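Everything on this sheet refers to the single structure shown next.
The values are calculated or read from the model by the stated rules, or taken from the named source; none is laboratory data. On a predicted model such as this, the values are computed, not experimentally measured, just so you know. FYI the Cβ positions are ideal-geometry reconstructions off the backbone, even for glycines, and counts take in every protein chain you see. These area figures cover heavy atoms from the full protein model, side chains too; ligands, DNA and RNA do not enter into them. Shrake-Rupley method; radii C 1.70, N 1.55, O 1.52, S 1.80 Å.
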Amino acid sequence: MTGATLMRGRPLADDLRARTSERLDVLRNRGVKPTLGTVLMSDDEADEAFMDRKHDSCEEVGISTKRIDVPPDAPAEELYRAVERLGADEDVTALFVQVPLPEHVDERAVRNRVPPEKDVDCFAPVNVGRLVIGSPRVIPATPAAVLRLLAAYDVETEGRDVVIVGRNTAICKPLANLLLARGSGGDATVTVCHTATTDLPAKTRDAEILVTAAGAPRLIDESMVSTGVSVVDISVNRVETDDDKGYELVGDVDFEGVREKASAITPVPGGVGPLTLELILRNVVDVTARQA
């Protein structure tokens, strides 16, 4: 089977950008100034690049930003103070902390320091709890991007078998809860796979919808999927190459092989990423408007 539909995020992102800009104009006319505060404690090139794109996107639409970069080998207390400082800053209306964090940092301690009303990516514990019980204050941008892509390309979730490869707290666990929820974009039967899963290929072959966020380049090949599957590859992995560029960006899925069997698949890059950035901007507007 060839000719899988490419689920591209850019057209959806462009439409969302236009609507976000309109809402920003309304806030500005009321004298409200959205400002995003960000904290990065990583020297990973992908993390740094993603944070740069967040700030560039904010500048493009006129959202002010305040950025604190903490060296990854700094004491955890330095990160805690940075989050507290932005949380207490009256000019900062929205707060984002880049994850994953270094191993010596207690992620729970960071989450507890994010004011729920400024939380732009469902990071604060109370907001995570609200999402789990089906009454979200804010929906994290990447899971929201996955659901929007599936809906835009007419991939039905109700009654479908969804397999998520990865169990991180920023993407996979919130996404699993959203897919389980009653109503549009939910009502799926969800299996979450991880490093302790036995016989991963058997699980992924059962998927009607496969979502990956494992951060493992080309982990999933064509032998691990069934014909007609819809595939959303969230990961963007940097792998070294012998050409002049020296690297390429690939997903968790072996794109060329899997697309031969899939009915729909996201390209990497160009799938989830563009829409995620726009949904962060939308969430900045949402939390700012709620405070105003």
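See the values below:
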| item | result |
| --- | --- |
| Cα gyration tensor category, rounded, prolate or oblate, for the stretch 34-77 with a/c compared to 1.5 | oblate |
| Globularity ratio of the stretch 137-235, using Cα Rg and 2.2 N^0.38 Å | 0.99 |
| Among 214, 176, 88, residue whose mean-square fluctuation peaks in a GNM of the chain (springs only between Cα atoms under 10 Å) | 88 |
| Per residue value of the accessible surface for the chain (all protein chains in place, 1.4 Å probe), Å² | 47 |
| Compactness of the stretch 59-137 as Cα Rg over 2.2 N^0.38 Å, two decimals | 1.14 |
| Cα-based Rg and Dmax for the stretch 59-215, where Dmax is the largest Cα-Cα distance (Å) | 17.5, 51 |
| Reachable lysines from residue 261, criterion Cα separation under 18 angstrom, eight or more residues apart if same chain | 203 |
| Under 9 Å, Cβ to Cβ, from residue 16 - net charge with Lys/Arg +1 and Asp/Glu -1 | +1 |
| Rounded percent of accessible protein surface that carbon and sulfur make up, the chain, 1.4 Å probe | 47 |
| Whichever lysines have a C-alpha closer than 24 Å to that of residue 33, once near sequence neighbours (fewer than 8 apart) are set aside | 54, 66, 118 |
| Table column - 3J(HN,Hα) (Hz), the stretch 67-77, Karplus curve with 6.51, -1.76, 1.60, x for Gly and Pro | 10, 10, 9, 10, x, x, 9, 6, x, 4, 4 |
| Charge sum, other residues only, whose C-beta stays under 9 Å from residue 191's C-beta, Lys/Arg counted +1 and Asp/Glu -1 | -1 |
| Derived scalar couplings ³J(HN,Hα) [the stretch 202-209; Karplus, 6.51 cos²θ - 1.76 cosθ + 1.60; whole Hz; x for Gly, Pro] | 5, 5, 5, 5, 7, 6, 8, 10 |
| Loop-located trypsin sites (Lys or Arg not before Pro) in the stretch 162-270, at most 13 other Cβ atoms within 10 Å (DSSP) | 182, 245 |
| Rg/Rh for the chain, where both radii come from Cα atoms and Rh is the Kirkwood radius | 0.96 |
| Length-normalised contact order of the chain in % [C-alpha pairs under 8 Å, at least 6 apart] | 23 |
